[in-house]
1. Out of (1) closer than 22 Å to residue 172 by Cα; (2) surrounded by 14 or more Cβ atoms within 10 Å (Cβ to Cβ); (3) at pLDDT below 90, what's the single condition that is false for residue 74?
2. Taking the criterion of being under 23 Å from residue 182 (Cα atoms), under 19 Å from the mean Cα position of the chain (by Cα) and either surrounded by 12 or more Cβ atoms within 10 Å (Cβ to Cβ) or of a type in the set (Asp, Glu) (or both), would at least one residue in segment 273-290 satisfy it?
3. All but one of (1) part of a helix (DSSP H, G or I); (2) at pLDDT below 85; (3) over 17 Å from residue 263 (Cβ atoms); (4) open to solvent by less than 70 Å² (accessible area, probe 1.4 Å) hold for residue 230; state the number of the condition that does not hold.
4. In segment 129-151, which residues are out of contact with any Ser or Thr (no Cβ under 6 Å at 6 or more places or on another chain) and either modelled with pLDDT under 85 or among the aliphatic types (A, V, I, L, M) (or both)?
5. Consider residue 256 carefully, then state whether it is more than 15 Å from the chain's Cα centre (by Cα) and part of a helix (DSSP H, G or I).
6. Mind telling me which of the residues 87, 112, 121, 53 ends up being part of a helix (DSSP H, G or I), open to solvent by 30 Å² or more (accessible area, probe 1.4 Å) and within 30 Å of residue 247 (Cβ to Cβ)?
7. Where residues in segment 159-182 are open to solvent by 20 Å² or more (accessible area, probe 1.4 Å) and of a type in the set (A, V, I, L, M), which of them is nearest to the chain's Cα centre (by Cα)?
Amino acid sequence: MKPDSTARSARIPTSRSARRTTRSTAATTPAERNRLRRQAAAGRMFVPSALTILAICAGLTAMRAATTGAVDVAMGLVVAAALLDGIDGRVARMMGATTRIGAEIDSLADAINFGVVPAMIVYFHLMNGQDLGWTLALIYCCAIVLRLARFNTLLDDDDAPAYTRDFFVGVPAPAAAICALLPIGLSQQFGDGWWTSLPAVGGWLVIVAFLAVSRIPTASLKAASVPPRALAAVLIVVAIGAALLLTFPYVLMMIAIAGYAVHIPFAWRSRRWVASRPEFWDDRPAERRAQRRAIRAVTGGRRRRPTLKKSQARLGLNRPAGTTAAGRTGTAQATDHPADDGPTA
């Protein structure tokens, strides 16, 4: 009798469980579900938007630090703003909180952190009080704003091939900001010199501004992948970078800028290769690289163009493909004895 009574009492709900069941049933009404959904969406939107606002605050504080002479603090805050800029978009996509207003705030933050702030840091530290320097700083700021406006318009192009997402059109704003600060790094590492003069600093700002608004393709980090066999080497490079960041941060900055400049010709060549082969447009970057290596292995590498004689080069004549040495000899003999060809008109 006791086991039956115990089982029967376990099946009878208590008053507390009944109230809990009533609350859960009430929470499943459509109005309550909509309210909970709106609260969850607001919570998801808060985190990436907060990261963007923190990036803006870091950038503006960097500009204030530059006016007080704390250049090292300003440079560190710019790097922090760049890291926050790279995180907020990924966090928004992971949390499913991508919104139009978030994209607009992010674009505004990029214009401030990577357009206005680097130009003002360079101006206040190296070109303060010089009218030409102020003009060059304005040119850089306007170039970054135009580059961001073009980037936003390209995002709305749904007809673009899939491979275009693996490349940037021009140097992206965060990379342009780090490059624009190169004279500051040289000044902090090596002191004053020709690299801190107005022609050198202003010319460098104009070069970076041109690269930002140009149509030169640059690689996107989203297309980068580390093969398993290269993981150990990559970890060693990361360790070396961390050591340089703690001991010689400006040397690390120069190495990073030099490496980024070296990659641009390879990115241009890669984009040109895939643009001329529509059959590979929808493949992943790793698959395209494998196809490229396979084609190179089959064809034996790049074909060398035949060496042309001076007369052929002047006339723009190319030797027909498949011409043998005997054929070329016969042609030369016929040219040496034109009378054997018969009468001419």
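1. Every listed condition holds for residue 74 apart from (3).
2. No; the residues of segment 273-290 include none that is under 23 Å from residue 182 (Cα atoms), under 19 Å from the mean Cα position of the chain (by Cα) and either surrounded by 12 or more Cβ atoms within 10 Å (Cβ to Cβ) or of a type in the set (Asp, Glu) (or both).
3. (3)
4. 129, 132, 136, 137, 138, 139, 143, 144, 145, 146, 149, 151
5. Values: more than 15 Å from the chain's Cα centre (by Cα): no; part of a helix (DSSP H, G or I): yes.
Against the criterion (more than 15 Å from the chain's Cα centre (by Cα) and part of a helix (DSSP H, G or I)), residue 256 does not qualify.
6. None of the other options fit; the residue is 87.
7. Ranking the candidates gives 175 first.
Table: residues versus (1) modelled with pLDDT under 55; (2) touching an Asp or Glu at 6+ places or on another chain (Cβ under 9 Å); (3) part of a loop (DSSP other than H, G, I, E, B); (4) farther than 23 Å from residue 161 by Cβ.
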| residue | (1), (2), (3), (4) |
| --- | --- |
| 266 | no, no, no, no |
| 270 | no, yes, no, no |
| 282 | no, no, yes, no |
| 287 | no, no, no, no |
| 294 | no, no, no, no |
| 303 | yes, no, yes, yes |
| 307 | yes, no, yes, yes |
| 318 | yes, no, yes, yes |
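The values are calculated or read from the model by the stated rules, or taken from the named source; none is laboratory data. Just so you know, these numbers come straight off a predicted model, no measurement behind them. So basically every Cβ, Gly included, is an ideal-geometry build from the backbone, and we count neighbours across all protein chains shown. Side chains are part of the model used for accessible areas, which takes the heavy atoms of the whole protein and leaves out ligands, DNA and RNA. Shrake-Rupley method; radii C 1.70, N 1.55, O 1.52, S 1.80 Å.
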